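Student: Structure provided below as structure tokens; questions to follow.
Nothing in this text is a laboratory measurement; each read-out follows from the coordinates by a stated rule. Since we're looking at a predicted model, the values are computed, not measured. All Cβ positions, glycine included, derive from the backbone under ideal geometry; neighbour counts span all protein chains shown.
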Amino acid sequence: MGDDLIPPSQLSSANDDLNPLHRREAIERLEMTHLDVLVIGGGVTGIGCALDAASRGLSVAVVEQRDLASGTSSRSSKLIHGGLRYLQQFKFGLVREALSERNLLISQIAPHLINQVDFLYPLRNRGERLYAGLGIGLYDLMAFRGSNRLPHHKHLSRRQVQSKAAALSSRSHKGAIMFSDASVDDARYVISVARTAAQFGASILTSMKVTNLLTGNGRVNGAVVKCLETGREFDVSCGTVVNATGVWSDDIEQFAGADRPRVRASKGIHLVIPKDRVDLETGLILRTSDSVLFVIPAGKHWIVGTTDSDWQLDRAHPAATRQDIDYLLTTLNQILEAPITTDDVVGVYVGLRPLLRGDEEITAKLSREHAVTSSREGLVSISGGKYTTYRIMAQDTIDAVGVDQGRQIPDSTTSKIPLIGARNYEHVLGSANEISESSGVPLVSVKHLISRHGDRIDEVLNLIAADESLKALIDEDLPYLRAEVIHSVRFEGALHLEDVLTRRTKISIESWDRGTDSALLVAELMARELEWDQSRIHSEVEHYLKRVESERSSNTQLDDQKADTSRLAAGDIRESFA
Ligand SMILES: Cc1cc2nc3c(=O)[nH]c(=O)nc-3n(C[C@H](O)[C@H](O)[C@H](O)COP(=O)(O)OP(=O)(O)OC[C@H]3O[C@@H](n4cnc5c(N)ncnc54)[C@H](O)[C@@H]3O)c2cc1C
């Protein structure tokens, strides 16, 4: 890794295990001490702010109403990219900044979590080769300025395309351009940032909802929080509240008296399709009438997305309609030799983009840039932005906290802080064979673990050394080990069954049964750690099964309103305890 990184000896010695003990201690801290910063929202932006603040020496806690990354940050296209289509909108600054972040994240900050992905951009006519070639050439050039590690684009003939993408019908293209970008498991990334923030002393609290803000002397100076596990409410005192709640941003602003809406929610859905259903060696990017469609490789699957439409219903449970699904399949089928049908779709997920409000009617044209604002002293809000640029967003936000508090705080150092698991990743990867031999865990599983835990693979292997049965798979068709369930609770803050099935793993969208067959096994493993009795195991499983049923039902509805109603039928497991 680079020489300019912060050496491990300069890290705080705080424990980075997110578990029930961390939670208990964090609640005590929130009740007893005055914090420099209270961050609301445990998505990539809020957790990024916590790391930025803690690593500058500020005392900080994050409160998240549900689970880490349970909002938009687990439902994105999972690309760490400059956004080729923003070049078409002449957003050169945004693209340059995002490409420079992409290069930093893939080379230094999280090389274990971020992977190169290659895309084919099929050309519909010969004239497009020049136009698209210039655009993609400019994209590469901008990345080059930011010390690019990814290969440059290549022009491919029709025949070359056929050998890389046999699934494409020969009528659908006149050759293609191949270029490279990067992808990430978005939920896993947030959890790694959260543990890194904890390493610097940040408190990370999930199932903790802000129900109001506190004020004094004309400033916001704290918040009322409600624990959704127990129903208990208490006050938290702090210097500045950071509002990093994505599509919920305006709710927090309203607590402070602001009434002008600033964020608009735009729905995007994705389909998950097994790799063997579409014969491609690389991803695809296709131009549509007002946006683009991606086919992105993700392990044993393709992710196909996305859509872009206004959403004004329940923000915690956005739903995909039959119409959304048909749109993606129809668009993709226009270029495939053998069409894909709904029977080929393993999973569907939906996210809401927190877009800055503008005058544009069509959400695809609204800005992907971010804005840091302070409508009232003591409250700093960060809205808009992209996953890829979360680190810059966090840096700008904590700079604004310094201004709000009228004090000089050290500059951000997050560009020099590798996430946990990153430092000795290359070395661990090079030792995969030896690790497999010494631990008795199959090589394929060792590689899977390294790609998710980096140099922290020992945390999982130690669990297996203590209990051999934990090296078995949860679902025979997916790579996740039973030990990873225990690890999710002991190290990664999972509190409920759906936290493990949908965010610590992606079993809920990668298995044909959507995780229902694994639910009882996973709940029983979690019960060992969280001291659940039979009735609690039963209620966790029941709730999960209901959630899957309601999701399936919403996918067959034709309009948003009906799909939302179907989706809401399951309720929220967290609210049911409070
Ligand atoms: C379909 C889609 C595809 C995308 N693809 C990409 C991509 O490929 N690349 C890219 O760079 N970006 C992408 N994005 C954008 C990116 O995902 C988002 O910008 C990013 O995840 C937003 O993160 P956030 O932390 O701001 O919001 P969120 O992840 O939504 O986090 C906000 C959190 O605040 C919590 N919260 C709300 N109210 C309260 C309260 N009162 N108390 C406590 N907690 C509260 C919520 O529960 C939530 O977890 C995509 C977005 C969508 C929707």
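Student: Do the sum for the chain: with -39,500 (n - 2.57) for every DSSP H run of n ≥ 4, divided by all residues, what is the mean residue ellipticity at 222 nm, to the nearest 500 deg cm²/dmol?
Tutor: On the way: 20 runs with 215 residues, N = 578.
Result for the chain, helices only: -11000 deg cm²/dmol.
Student: If R0 is 60 Å, what FRET efficiency do you get for Arg24 and Asn433 from their C-beta distance, rounded to 0.05? Working shown, then result.
Tutor: Details: r = 41 Å, r/R0 = 0.68.
With R0 = 60 Å, the Cβ-Cβ based efficiency is 0.90.
Student: Please work out the ratio of the alpha-carbon Rg of the range 280-357 to 2.2 N^0.38 Å and round it to two decimals.
Tutor: Normalised Cα radius of gyration, the range 280-357: 1.17.
Student: At 27 Å minimum axial length over the Cα atoms and a Kyte-Doolittle cut of 0.0, report the qualifying DSSP H helices in the chain, or say none. If you can, show how the numbers build up before the last one.
Tutor: Details: long enough: 126-145 (29 Å, 0.16); 534-554 (30 Å, -1.42).
Membrane-span-like by this criterion, though nothing is claimed about a membrane: 126-145.
Student: List the pair-distance distribution P(r) of the range 208-327, using every Cα-Cα distance, as the percent of pairs falling in each 10 Å bin from 0 up to the bin containing the longest distance, rounded to whole percents.
Tutor: 11, 28, 23, 19, 15, 3, 0
Student: Here is a further query. What per residue convex hull volume, in Å³, comes out for the range 137-236 when only alpha-carbon positions are used? Don't skip to the answer; put the middle values down first.
Tutor: Numbers: hull volume 26.9 nm³, N = 100.
Once divided by residue count, the hull of the range 137-236 is 269 Å³.
Student: Continuing with this model, one more query. Under 23 Å Cα-Cα from Lys164, which lysines qualify once same-chain neighbours fewer than 8 residues away are excluded?
Tutor: Lys78, Lys154, Lys174, Lys275, Lys300
Student: Stokes-Einstein at 25 °C, 0.890 mPa s, Kirkwood radius from Cα pairs: D for the range 425-577 in µm² s⁻¹? Display every interim value, and only then the final one.
Tutor: Details: Rh = 16.6 Å.
Value of D from the Cα-based Kirkwood radius: 147 µm²/s.
Student: If you project the alpha carbons of the range 42-126 onto their three principal axes, what span does each projection cover, largest first, in Å?
Tutor: Extents along the principal axes, in whole Å: 58, 28, 27.
Student: Between Ser170 and His155, what is 0.36 nm times their sequence separation minus the Cα-Cα distance? Round to one decimal in nm. Provide the component values of the computation, followed by the final result.
Tutor: Values: separation 15, 0.36 × 15 = 5.40 nm, distance 1.68 nm.
So the extension gain works out to 3.7 nm.
Student: Could you tally the net charge around Thr556, taking each other residue with its Cβ under 10 Å from the Cβ of Thr556, Lys/Arg +1 and Asp/Glu -1? Provide the component values of the computation, followed by the final result.
Tutor: On the way: positive: Arg322, Arg552, Lys562; negative: none.
So the surrounding residues net to +3.
Student: On to the next question. Taking the chain, how much of its Cα-Cα pair set, in percent, is spaced more than 45 angstrom apart? Could you put the intermediate results ahead of the total?
Tutor: Working: 19067 of 166753 pairs.
Summing the P(r) tail past 45 Å for the chain gives 11 percent.
Student: On to the next question. Kindly state, to the nearest 0.05, the FRET efficiency for Asn333 paired with Leu443, given R0 = 41 Å and r defined as their beta-carbon distance.
Tutor: Values: r = 38 Å, r/R0 = 0.92.
Efficiency at R0 = 41 Å is approximately 0.60.
Student: Out of all DSSP beta bridges in the chain, what portion is antiparallel? Express it as a percent rounded to 5.
Tutor: Numbers: 60 of 79 bridges.
So the antiparallel bridges in the chain amount to around 75 percent.
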